[in-house]
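The values are calculated or read from the model by the stated rules, or taken from the named source; none is laboratory data. Predicted, not measured: the structure shown is a model, and the values here were computed from it. For neighbour counting, all protein chains shown are included, and Cβ atoms are generated from backbone atoms with ideal geometry for every residue, glycine included.
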Ligand code: SF4
Ligand code: MG
């Protein structure tokens, strides 16, 4: 079966205007050539520090702006260059849950209308009775009481609002949901509830999910595969198990070293990265991570590594994997 979503060599560069004539003086290389695919019923997490470009990927898929280059393919149909009118029926199939449950719901709409809007827009109910039935079923799905549909967003807690946001995404009967830091703003206990809800819904409905997050601890509970982003590039892709037990990229290793391990005595040694994330306006030459990498060697400063397969289903962009295993600190099963 073909993937629900394929992203091919996606690039998004933002021009910076300045100078006397207001011309383009620089570019932000926010997303600089990334590819991945997601299958039905699969969650792919896109992780990395703030500013790595992961949210830009989500917005590009949603067509909130045009691409600099690359392709986005939904269920076999290329959608990035489709005119808005033609896109409309396909647009329903990709829905989004945003980070902030406070600003993403219209405060002047009752929950009933928030949920009815996509059902109406996409013509998913034949009459008023069916519309009401669908709204009620959506409330069941996100485990909110049916009689709360007459209430306003401000009458709900953050976690409940995020349930409404999820119900609104489901109202369109999507094939794929993009969650952009969807639980990051919530309290720890509420986070776990929403993560569980998303997982249950995904299984029940066979959804594909792109889970964008800076938080590997949350991702570990959530995902099938992980793609790690650094400065606009994917540096590693693997199944959750392979990535967490044996990362193949030094950046992933450092991110994982900060994730608490539940087993006492199994704690990973914390790797503190040197310096800050460099600016995406002028990313470092060679490997973009070389300014912070504890393993960097001469080649890393001049030659840009590409994603290569290291084990079945496990990809990493790091020159260490061109070395014999004895000279490759990322070859073994770290933290396993
Ligand atoms: Fe570090 Fe070099 Fe690998 Fe980049 S290519 S992650 S600098 S060892
Ligand atoms: Mg973001």
(request) Check 238, 254 and return the single one that is more than 9 Å from ligand 1 (Cβ to nearest atom), free of Cβ contacts under 8 Å to residues at least 60 places away in the same chain, outside any loop (DSSP other than H, G, I, E, B) and out of contact with any helix residue (DSSP H, G or I) (no Cβ under 8 Å at 6 or more places or on another chain). (result) 254
(request) Please tell me if residue 278 is within 16 Å of ligand 1 (Cβ to nearest atom), crowded, with 22+ Cβ neighbours inside 10 Å and part of a loop (DSSP other than H, G, I, E, B). (result) no
(message) Consider the stretch 53-105. How many of its residues are farther than 19 Å from residue 37 by Cα, within 15 Å of ligand 2 (Cβ to nearest atom) and touching a strand residue (DSSP E or B) at 6+ places or on another chain (Cβ under 9 Å)?
(response) 5
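Does residue 268 satisfy the criteria of being assigned to a loop (DSSP other than H, G, I, E, B) and at pLDDT 95 or above? Lay out the reasoning, then the answer.
Values: assigned to a loop (DSSP other than H, G, I, E, B): yes; at pLDDT 95 or above: no.
Answer is no for this residue.
A quick yes/no check of all residues on (1) more than 16 Å from ligand 2 (Cβ to nearest atom); (2) surrounded by 14 or more Cβ atoms within 10 Å (Cβ to Cβ); (3) closer than 30 Å to residue 187 by Cβ; (4) under 19 Å from the mean Cα position of the chain (by Cα):
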residue	(1), (2), (3), (4)
229	no, yes, yes, yes
246	yes, yes, no, no
257	yes, yes, yes, no
288	yes, yes, no, no
297	yes, no, no, no
306	yes, no, no, no
312	yes, no, no, no
(request) Scan the stretch 181-225 for residues that are within 15 Å of ligand 2 (Cβ to nearest atom) and under 12 Å from residue 162 (Cβ atoms) and jot them down. (result) 181, 182, 183, 184, 185
(request) Considering each residue of the stretch 107-147, count those that are closer than 23 Å to residue 191 by Cα and buried (at least 16 other Cβ atoms within 10 Å of the Cβ), and give that number. (result) 8
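For the condition modelled with pLDDT under 95 and away from ligand 1 (no atom under 16 Å from the Cβ), what is the one hit in 182, 208? First the steps, then the outcome.
On the way: 208 fails: modelled with pLDDT under 95.
Every option except 182 fails the conditions.
How about the stretch 1-111: which strands (runs of 3 or more DSSP E) wholly inside it have at least 3 residues that are at pLDDT below 90? First the steps, then the outcome.
Values: elements: 5-18, 23-38, 43-47, 69-74, 94-97.
Strands (runs of 3 or more DSSP E) meeting the threshold: 5-18, 23-38.
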